[in-house]
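Take this structure first; my questions come after.
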Amino acid sequence: MPDATPRQAEPMLEVQDLARYFDVSRPWLQRVLAGEKRRVLRAVDGVSFSIPKGTTLSLVGESGCGKSTVARLVVGLYRPTRGRVLFDGQDLEQARADAAQRRRMQMIFQDPYASLNPRWRIRDIIAEPIRAFGLTPDKAAQTLKVQELLTQVGLSPQDGEKYPHEFSGGQRQRISIARALSSNPEFLVCDEPTSALDVSVQAQILNLMKDLQQRLGLTYLFISHNLAVVRQISDRVGVMYLGRLVELAPAETLFTTPRHPYTRALMEAIPDLEMSGRQRIPVGGEVPSPINPPPGCPFHPRCPLANARCRAEVPVLIPARSTPEALVACHAVEEGRDQPEAPLPAQRIGTTATAL
Amino acid sequence: MRLWLGLGLLGLLALGAVAAPWVQQALGVDPFTPDLFLRFGPPSAEHPLGTDELGRDMLLRLLHGARVSLVVGVAVALGATLLGTAIGLAAAWAGGWLDAVLMRIADGMLALPALPLLVVLAAVDTGRFGLPRGEAAADIARIVVILTLFGWVGGARLARAAALTQLAQDYVAAARVAGAGEVRVLLRHVLPNILGPITVATALAVAGAILAESTLSFLGLGIQPPAPSWGNMLANAQELVFSAPWVAFWPGLMILLAVAGCTLVADGLRQRVP
């Protein structure tokens, strides 16, 4: 499979044909009595990408498209059903067995209210990776490090004595970031780190993350459903639909010339003056169930360009016509059906694409 | 308020239980020797609460009974809670077949008719296993073991349910990513967050154990006479309710106060813990 990754930079993370299925069958006895088969939810079904060192890859998609599952697979909270995760060239299982490798990756969670243990003081929360990995045995040095981290994320060193409930959502997310940074990681997985925050606070947290990336040379895997946030922070963006990547492109290419019909539908859903003149493709319907995905292209039931081939054959991620830096999994794009020779008469403005 | 009222009640009972030997010295009577000339004696300077059907001092017997009830109550509650919490945590953490097996065992225990089984178990002759027979301490130990074996189920189900909620929280995932091992996750993260409901349940379990001990002793299967316990004092009094009501009244009141104290403590704790 071709790869849009710039060749000069070594990948920090490489994911090959990653899949994770969940068994959501009812209990054995009920299943047997009702004569049902096992039900398998394909949360992630064959995703491949790589993230060069020092850059940010974002994964976007609707709720339930599998992006959070990818995040959890990448840090080893879930075991993959199929495929491999290579962390700095090393298999993830091996990397996680070695504390010196494992401390190089950390994660920031979506809900800052659930991701901090309510019974622990902030200084203990932040110091946990230091203690768990045995990085600094000296107590005084630990205290110093925690104070430095608190300052680094814009909090006061005295805040270490407090408990999580004494902080606002934005401050808690800063604490989460401080905890993630305390083991001096090089790779951060951010699972919707701003979606639980107010818009004004979102910008602060994003700026903090960008600033930290520049200063510490961090690599980010950024999971989000907010395209505006993604545009601000990403080098490259992957669009997920029903457990698969449908488009993987440099951020600017994706936002200026989205190729996959689904990506285009997402772009339509952003209220934006610049885009008001472009042709719109309305998208209706619901996301199909990942327990019983449609055959062929998973997007075909909602796609205005779908034909018989789309209903039968699963498209693969290949460089798109005319924008080869973008990888697109779409038969219509491959065949050139998505860009008609003459501009179509103005279609109806607006979209029924469900808001992300 | 409730918490302090409950703690006050239990504190008074505990104080009385601890002070029993000194009260005995001060009164200068022996609560274990029958004195048939003093049956059903009215309250007097020597016998502040009167005497029972064998002429033994009521107050001292109540205080000695308090020792039995409180020791059994606290020991059973702690033992059952420890066992139950460990089993519940293990079930919640492991999931899958281990969870299923442990919880089906717990369901089975709940489905057993407890009292008849307790009666059968309490009738086991410990002398056969080379244990001392007929001593109060051996009786207490046996009751504690039996009640603990029945008592862990509630604690286990509670701990499992609470732990499942906590294990699904992001802070547990965060701790795992941060490099914490599973033992550390369970003991340092999950356990402190489920201690609230467990503490409340333990306080209630003390009340349950005191009642269960009284029941067994009342049926003659718990603490054997002449050692006094509130339950066997009540048993002796059942034919005397009309002729000498105080013989039944005082042990009954003690049981009521002890159980009410535990319940008040549990209620007070429930309001305080998150």
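FYI, it's all coordinate maths here, none of it is from the lab. What you see is a predicted model, and the numbers here were worked out from it, not measured in a lab. Reconstructed Cβ throughout: ideal geometry from the backbone, glycine too, with neighbour counts over all protein chains shown.
Set the Förster radius R0 to 56 Å, insert the Cβ-Cβ distance between B:Val101 and B:Asp30 as r into 1/(1 + (r/R0)^6), and round the FRET efficiency to 0.05.
Once rounded, the FRET efficiency stands at 0.60.
At 0.36 nm per residue, and after removing the present C-alpha to C-alpha distance, how many nm does the segment from A:Ser168 to A:Ile318 gain when stretched out fully?
Full-extension gain reported as 49.6 nm.
Between A:Gln101 and A:Ala140, what is the label-to-label distance in nm when each label sits 7 Å out along the Cα-to-Cβ direction?
Roughly 3.6 nm, to one decimal.
In addition: What full-extension length gain, to one decimal in nm, is calculated for A:Tyr78 and A:Asn184 as 0.36 nm per residue of separation minus the Cα-Cα distance?
Gain on extension, A:Tyr78 to A:Asn184, equals 35.9 nm.
Under the Kirkwood approximation for Rh and a Cα-based Rg, what ratio Rg/Rh is obtained for region A:58-195?
With Rh from the inverse mean 1/r over Cα pairs, Rg/Rh is 0.98.
Could you please state, rounded to a whole Å, how far the C-alpha centre of region B:1-62 is from the C-alpha centre of region A:30-71?
Each part's Cα centre sits 70 Å from the other's.
Right, something else. If I fit a long axis through the Cα atoms of helix A:122-132 and take the longest principal axis of the Cα atoms of chain A, what angle between them do I get, 0 to 90°, rounded to 10?
Its long axis makes an angle of about 80 degrees.
Rounding to the nearest 10 and keeping the result within 0 to 90°, find how far the Cα-based axis of helix B:58-94 lies from the longest principal axis of chain B.
Compared with the principal axis, the helix lies near 10 degrees.
Please give the length that would be gained between B:Phe242 and B:Leu110 if that part of the chain were fully extended, namely 0.36 nm times their separation in residues minus their C-alpha to C-alpha distance (nm, one decimal).
In short, 43.7 nm is gained.
What is the spread of the Cα atoms of region A:184-236 along each of their three principal axes, largest first, in whole Å?
28, 19, 16
Hey, another quick one. Starting from the Kirkwood Rh over alpha-carbon pairs, what translational D in µm² s⁻¹ does chain B have by Stokes-Einstein at 10 °C and 1.306 mPa s?
D = 77 µm²/s.
When Cβ neighbours within 10 Å are restricted to other protein chains, what is their mean count per residue of peptide A:122-134? Display every interim value, and only then the final one.
Numbers: counts 0, 0, 1, 4, 1, 1, 9, 6, 2, 4, 8, 3, 1.
Shielding by partners across A:122-134 averages 3.
Moving to a separate point now. Quick one: which residues, 5+ away or cross-chain, put their amide H under 5 Å from the amide H of A:Glu10? H built at 1.01 Å from N.
Distant-sequence amide H within range of A:Glu10: A:Lys53.
Beyond 40 Å, what share of the Cα-Cα pairs of chain A remains, rounded to the nearest whole percent?
Value for chain A (Cα pairs over 40 Å): 19 percent.
Semi-axes, largest first, in whole Å: what does sqrt of 5 times each Cα gyration tensor eigenvalue give for region A:120-184?
Details: eigenvalues 67, 24, 22 Å².
The equivalent ellipsoid of region A:120-184 has semi-axes of 18, 11, 10 Å.
Then there's this: Nearest 0.05, what FRET efficiency do B:Leu219 and A:Asn292 give at R0 = 56 Å with Cβ-Cβ as r?
Details: r = 60 Å, r/R0 = 1.08.
E(calc), rounded to 0.05, equals 0.40.
Please list the equivalent ellipsoid semi-axes of the protein assembly as shown, computed as the square roots of five times the alpha-carbon gyration tensor eigenvalues, in descending order and whole angstrom.
Gyration-tensor ellipsoid for the protein assembly as shown: 69, 27, 21 Å.
Reachable lysines from A:Lys53, Cα under 24 Å, same-chain residues fewer than 8 places away excluded?
A:Lys67, A:Lys210
Which FRET efficiency value, to the nearest 0.05, do you get for B:Leu7 and A:Arg38 by plugging their Cβ-Cβ distance into 1/(1 + (r/R0)^6) with R0 = 41 Å?
0.15
For A:Leu216, put the label point 7 Å out on the Cα→Cβ axis and report which residues of region A:100-128 keep their amide N under 12 Å from it.
A:104-108
If you rank B:Arg270, A:Arg264, A:Arg26, B:Arg61 by fewest surrounding Cβ atoms within 10 Å, what's the result?
Ascending Cβ contact count within 10 Å gives the list A:Arg26, B:Arg270, A:Arg264, B:Arg61.
What aspartates and glutamates sit close enough to A:Lys162 to cross-link, taking a C-alpha to C-alpha distance under 14 Å and skipping anything fewer than 8 places away on the same chain?
The reachable aspartates and glutamates, counting only those whose Cα sits under 14 Å from A:Lys162, are A:Asp124.
Another question about this same structure. For the protein assembly as shown, what proportion of DSSP beta bridges, expressed in % and rounded to the nearest 5, is antiparallel?
60 percent
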